[in-house]
1. With the requirement that a residue be under 23 Å from E139 (Cβ atoms) and in a helix (DSSP H, G or I), what does the range 72-97 give you?
2. Scan the strands (runs of 3 or more DSSP E) fully inside the range 98-190 and keep the ones with 2 or more residues being modelled with pLDDT under 85 and under 26 Å from Q77 (Cβ atoms).
3. Hey, among the residues in the range 80-119 that are touching a residue at least 12 places away in the same chain (Cβ under 8 Å) and among the acidic types (D, E), which one's farthest from A64 (Cα to Cα)?
4. Mind checking which residues of the range 82-93 are more than 15 Å from W105 (Cα to Cα) and buried (at least 17 other Cβ atoms within 10 Å of the Cβ)?
Amino acid sequence: MSSITKISPVQSGGYLPQFDIAANYKHWHPLFNEQITDLFLHRFQYNYKPLLVYFYEQAWGDIATGHLRQLHHISGQLHLKGTNLLIITSASRDSLTYLSWKEIWSLRTYHDPQNELASILKIYSDDYPSWNTYSGINENIALPALYLLDHSRQVAFAFPNEYFSANLPLREVFATLDNISTLKSDQQSA
């Protein structure tokens, strides 16, 4: 019998130098700044701005939809703070398009059908499927997690929502953004 290793989400402070999109660069999102460094490594940079990413899966139901509503509500404030917001999902593009139409919002999304980015953040694992832990889930999907990455690909804020809080910690996200801005301006003036 093989041992099952529980997922271990990346926490604040970790660096993600491997946070690349090498599998299929034709589907990069514009926020990833399509600079190919060589033939083998397709680095993703996000225009040297902080990037707030949310991992959405339709199977999480009303919790995940509520999270998208909250993110839509603050998207203008994020823009004013020079922060990009991106929804990452392995779900059908049609389902997210329909939801956006129904809710009358426009959130930028990146389709990650193989869960490559969720795997890097360790909120998804082929070895530890979601249905092992969460009742009512019939497919292996990423946690509904929220991550803030700074301009150097360090995880400035991590919220792997393992207990399915209905409210995202947006106050903490904005406090972290203020800290990132202060640190960056201090570095530039030094």
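The values are calculated or read from the model by the stated rules, or taken from the named source; none is laboratory data. These numbers were taken from a predicted model, which means no experiment stands behind them. Neighbour counts are summed over all protein chains in view; Cβ atoms, including those assigned to glycine, are modelled from backbone coordinates with ideal geometry.
1. Those that are under 23 Å from E139 (Cβ atoms) and in a helix (DSSP H, G or I): R93, D94, S95, L96, T97.
2. Answer list for the range 98-190: 109-111.
3. Of everything passing the filter in the range 80-119, E116 is farthest from A64 (Cα to Cα).
4. T83, N84, I88, T89, S90, A91
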